[in-house]
Amino acid sequence: MAAETGTPTTLTLKSNDDELFSVAESAAILSVTIRNMVEDGCAGGVIPLDNVDGKTLASVITYMNGISAIPADEEKKKSYRDKFLSDKDFETLADMVLAANYLNMSCLMDAVSAKIAQVMEKKSVGWVRRKFGIENDYTPEEEAAVKEEHKWTFEGVETDDDN
Amino acid sequence: MDDRISYLPGDVLRVILYFLPQKEAARTSVLSTAWRNLWIRRKNLEFFESKFKRSKEEFRHVIDDSLRRYHDSAMYLEEFTLSTALDDETLQHLQTFWIPRIEQLGGKKISLIFESQDADMNIPYVLFEIVQLYSLRLEKFTDSHLQGLNLVACVNLRMIALVDVDVTNKDLENIANSCPLLENVTVQHCRMVSRLNFDVLHHLKTLCFENYEFHEQQSFEVYVWNLETAVIGSNICDIFKMGGSLLHMTELSLNHVMEGLRNLSNCYFPCLHFLRITNCHCLSGVDTAVNAPNLVLFEYKGQFVPKIKFAQIINQWDSKIQLLKTSSSGEWLPKLAELLQCLEGSNVYLIMDHNDIRKEHIFERTRASNKQVIESLSVRCDLSVASSLFLSVFLVCKPKILYYIGDDRVTSVAYLWGILKEEGNIKHESLPRILEFQEIRELLLEELEEANFQIKKKWNREKDWHSCPLFEHLMSYKLSHFRFILKWKET
């Protein structure tokens, strides 16, 4: 074990498209899924992560290394997360939130989810549908009924309509 | 474009919805049939009356309806937040319908933020019977028909804020003894409170106790060792009497403390970032030493110049020193020189607010052996005393930037222009006879290399300061702020 020998243990992670990645155990165990495997002694060889592709895994590992290098300072961690996510488009965010969910990494999961919520916030229903490709499958009557039921949610909210 | 978001797993969607405000989360039901009932998967409900545009009755109806949906779909609700102006009907409703239902849905974090709707509303003591109460803020409950707190059942309470509420000493004692997990306590402007004993609250991280206006002799005891933030406005403050290391404290504000800071110097604050001292008369004439190696900002405001020293500080730090009418007290200039010496290594922003002082000779001839370069000097005083004041302050420090507010903007600018820029006498008929004018010119001639006049529009940002010819400024002076950038000769 790392603590006994004094050298950091490195784990090898394998994505579902067979890319291999090395990562320090201390950073990788941010993922509860990986931590459980390490604790159960299943991390000897290569750890296969069947639900994460190479591109996403590379990004997650960048995050693991970055965030674990910051000492216990919530503000600095938060600003690292904000910066890390600042240039990611929705496709990437969706991949990452799925990976975070599978890897059971709550801090990444929360940060990405908050980022997606931020995109939706203060936007009109039409804008959100277009942005995320959501097909409106209500009949006009149904839609009117749902709107009526939730009419308080359409009041006093300034929405950005078409940008 | 593929619709990916609708097909994210439910666990992921509920987290995304968690981060949306209530109104926006509920509005997603209109997106498509898949989203119809999705929002009730979020584990939190929050209702802020201030964001609600309809009647109180409809507001209550929306809460009823939301809770019913959670109930009908057997959803799990963890957090419930309600902020409203409380009236008897809402309180009744909360007690009879909402709380039982929330508890039934699994609610563990109930946060209530209430302001009284009517002036004659009593403190809603029944709230203290909610076992799952997590956070409570009460404001403006000042009915005099006190019944007192009999039962406090909220063992899970982490945060309580009482602002302008007629709780008694006994009530607070009851709360402290019944809520061992309290981490965050605010007691502000509560006129009945003269004693606070929170020694039993070992988890206390944030304390805000500001009550100095009501009782001269108030005592308070807190368990300080886990405190991270303390805002104390109490005439007596004994909490540092033990000395020792306050390992977790990052922010400390002391306001109107008249007694009890003697042992501040025996404390060690390894994590303190921010220290603010406002009008603490007990520090007058007392040597104070602050041992806070990680200090980032020191703010001082008061009518006397404090004697305060700082142990080695590791990083760049700022200090903002605001002196109010200090010059009416004697020997202020040597004390200021000494303070600036103690603040060496810090970026000093000095503010001298001497509005309304009309004494002619406020300056004292102290020449500091080593004048400190400071970031900025902001002065507010009558033109009749400006020269005295500037002469004094320039004897002990060299500001890089100078701000001045005098009688009015035109004469202020003309005056400064006269002493800083133009040689010889200034000619402006509205200027009164200025004492020591020649003396200050001589001092500045000797030491000042250059003064650069800058303006910015009032509503613009800091980065918009720019140089400007005087006449242009005088055309539109009402809309802008001005300052001088000073460059001092190397000595």
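The values are calculated or read from the model by the stated rules, or taken from the named source; none is laboratory data. Source: prediction; values computed, not measured. Note that we place each Cβ from the backbone using ideal geometry, even for glycine, and neighbour counts take in every protein chain shown.
The residue that is modelled with the lowest pLDDT, among those in segment A:146-163 that are closer than 18 Å to B:H61 by Cα and of a type in the set (A, V, I, L, M, F, W, C), is A:F154.
For A:N136, the conditions (1) of a type in the set (S, T, N, Q); (2) more than 7 Å from chain B (Cβ to nearest Cβ); (3) more than 30 Å from A:N16 (Cα to Cα); (4) touching a helix residue (DSSP H, G or I) at 6+ places or on another chain (Cβ under 9 Å) all hold with the exception of (2). Against the definition (over 24 Å from B:S32 (Cβ atoms), of a type outside the set (S, T, Y) and at pLDDT 90 or above), how does A:L98 come out, yes or no? The answer is no for A:L98.
Would you call B:E57 within 14 Å of chain A (Cβ to nearest Cβ) and surrounded by fewer than 16 Cβ atoms within 10 Å (Cβ to Cβ)?
Working: within 14 Å of chain A (Cβ to nearest Cβ): yes; surrounded by fewer than 16 Cβ atoms within 10 Å (Cβ to Cβ): yes.
In short, yes.
You will find that of B:F52, B:F47, the residue that is within 12 Å of another protein chain (Cβ to nearest Cβ), in contact with a helix residue (DSSP H, G or I) (Cβ under 6 Å, 6 or more places away or on another chain), under 29 Å from B:Q117 (Cα atoms) and at pLDDT 90 or above is B:F47 and no other. Entry remark, segment A:96-110: residues being within 10 Å of another protein chain (Cβ to nearest Cβ) and surrounded by fewer than 21 Cβ atoms within 10 Å (Cβ to Cβ) number 4 in total. For B:L340, the stated conditions do not hold, so it cannot be described as modelled with pLDDT under 90, touching a Cys at 6+ places or on another chain (Cβ under 9 Å) and not hydroxyl-bearing (S, T, Y). Total residues in segment A:75-95 satisfying the condition of being within 11 Å of chain B (Cβ to nearest Cβ) and more than 16 Å from A:Q118 (Cα to Cα): the figure is 2. Can you name the condition, by its number, that B:L275 falls short on among (1) in contact with a Gly (Cβ under 8 Å, 6 or more places away or on another chain); (2) crowded, with 18+ Cβ neighbours inside 10 Å; (3) not aromatic (F, W, Y)? Looking at each condition in turn, B:L275 falls short on (1). Among the residues of segment B:444-469, those that are closer than 19 Å to B:L420 by Cα and in contact with a helix residue (DSSP H, G or I) (Cβ under 6 Å, 6 or more places away or on another chain) comprise B:A451, B:I455. Checked across segment B:432-445, the condition of being under 18 Å from B:Y415 (Cα atoms) and modelled with pLDDT of 85 or more holds for no residue. Taken as a whole, segment A:111-132 holds no residue that is surrounded by fewer than 19 Cβ atoms within 10 Å (Cβ to Cβ), of a type in the set (A, V, I, L, M, F, W, C), touching a residue at least 40 places away in the same chain (Cβ under 8 Å) and more than 9 Å from chain B (Cβ to nearest Cβ). For segment A:37-56, the set of residues classified as in contact (Cβ under 8 Å) with a residue 40 or more places away in the chain and out of contact with any helix residue (DSSP H, G or I) (no Cβ under 7 Å at 6 or more places or on another chain) consists of A:D53, A:K55, listed by residue number. Scan segment B:230-249 for residues that are surrounded by fewer than 17 Cβ atoms within 10 Å (Cβ to Cβ) and modelled with pLDDT of 80 or more and the total you get is 4.
Conditions (1) outside any helix (DSSP H, G or I); (2) without any contact (Cβ under 8 Å) to a residue 60 or more places away in the chain; (3) within 14 Å of chain A (Cβ to nearest Cβ); (4) of a type in the set (F, W, Y), marked per residue:
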residue: B:D2; (1), (2), (3), (4): yes, yes, yes, no
residue: B:S66; (1), (2), (3), (4): no, yes, yes, no
residue: B:L91; (1), (2), (3), (4): no, yes, no, no
residue: B:F97; (1), (2), (3), (4): no, yes, no, yes
residue: B:G107; (1), (2), (3), (4): yes, yes, no, no
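When only residues in segment B:19-36 that are facing chain A (nearest Cβ under 7 Å) and in a helix (DSSP H, G or I) count, which is surrounded by the most Cβ atoms within 10 Å (Cβ to Cβ)? Of everything passing the filter in segment B:19-36, B:R27 is surrounded by the most Cβ atoms within 10 Å (Cβ to Cβ).
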